[in-house]
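Remarks on the structure that follows.
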Amino acid sequence: MISRTKPHADTRLARFLQKRILELKPKTQGEIAFEAGFVNANVLAMIKSGATKLPVDRVPALAKALACDPAWLLRLALEQEPGDTTAAALMEIMGATVTRNEIAWLTEIRDASGNSDPSLTSRARSALRAIFGK
């Protein structure tokens, strides 16, 4: 059930912020909010708790303050409101957003394969999933 006071509490963005802010210690939540350009540090706390959504125009600055990929943070921000037609249209137009980390993986795959465009075999899929404990 979605809480009326915290409708975005069970989103990947809220969970990501909770984890990422802890990872950045000793940097405080207030310092992160200030770096992201929030006038009131409580706004970041409200986004993290799910009480409010992350405004899309704040994604670049917050990504920089969190030292995370802005494409990833944008993806999480757009996912916050299921049924949001603007977000759905943007995600449909943009397709699969690729982060810097994912680009590094793709670059390594291309290099390791000699740029041969390898197909994803069941063996390769199993090896990749094993890396992530799946």
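Looking at (1) at negative phi; (2) modelled with pLDDT of 90 or more, which is the one condition that is false for Ala67?
Going through the list (1) at negative phi; (2) modelled with pLDDT of 90 or more, Ala67 breaks only (1).
Sort through Leu44, Leu76, Leu106, Leu128 and tell me the only one that's free of Cβ contacts under 8 Å to residues at least 40 places away in the same chain, part of a helix (DSSP H, G or I) and closer than 21 Å to His8 by Cα. Give the steps one after another, and end with the answer.
Values: Leu76 fails: free of Cβ contacts under 8 Å to residues at least 40 places away in the same chain; Leu106 fails: closer than 21 Å to His8 by Cα; Leu128 fails: closer than 21 Å to His8 by Cα.
Matching residue, one of Leu44, Leu76, Leu106, Leu128: Leu44.
From Leu106, Leu90, Leu76, Leu62, which residue is modelled with pLDDT of 95 or more and not hydroxyl-bearing (Ser, Thr, Tyr)?
Numbers: Leu106 fails: modelled with pLDDT of 95 or more; Leu90 fails: modelled with pLDDT of 95 or more; Leu76 fails: modelled with pLDDT of 95 or more.
Every option except Leu62 fails the conditions.
Only one of Ala51, Ala65, Ala36, Ala41 is in contact with a Gly (Cβ under 7 Å, 6 or more places away or on another chain), surrounded by 13 or more Cβ atoms within 10 Å (Cβ to Cβ) and under 24 Å from Lys6 (Cα atoms); which?
Values: Ala51 fails: in contact with a Gly (Cβ under 7 Å, 6 or more places away or on another chain); Ala65 fails: in contact with a Gly (Cβ under 7 Å, 6 or more places away or on another chain); Ala36 fails: in contact with a Gly (Cβ under 7 Å, 6 or more places away or on another chain).
Being in contact with a Gly (Cβ under 7 Å, 6 or more places away or on another chain), surrounded by 13 or more Cβ atoms within 10 Å (Cβ to Cβ) and under 24 Å from Lys6 (Cα atoms) holds for just one of Ala51, Ala65, Ala36, Ala41, which is Ala41.
Here are some conditions: (1) of a type in the set (A, V, I, L, M, F, W, C); (2) closer than 20 Å to Asp10 by Cα; (3) under 13 Å from the mean Cα position of the chain (by Cα). Val98 meets all but one. Which one does it not meet?
Of the numbered conditions (1) of a type in the set (A, V, I, L, M, F, W, C); (2) closer than 20 Å to Asp10 by Cα; (3) under 13 Å from the mean Cα position of the chain (by Cα), the odd one out for Val98 is (2).
Residue check: is Lys6 without any contact (Cβ under 8 Å) to a residue 24 or more places away in the chain, part of a loop (DSSP other than H, G, I, E, B) and either over 12 Å from the mean Cα position of the chain (by Cα) or exposed (fewer than 15 other Cβ atoms within 10 Å of the Cβ) (or both)?
no
The values are calculated or read from the model by the stated rules, or taken from the named source; none is laboratory data. Note that this is a predicted model, so its numbers are computed, not measured. Cβ sites come from the backbone with ideal geometry, for glycine too, and all protein chains shown count toward neighbours.
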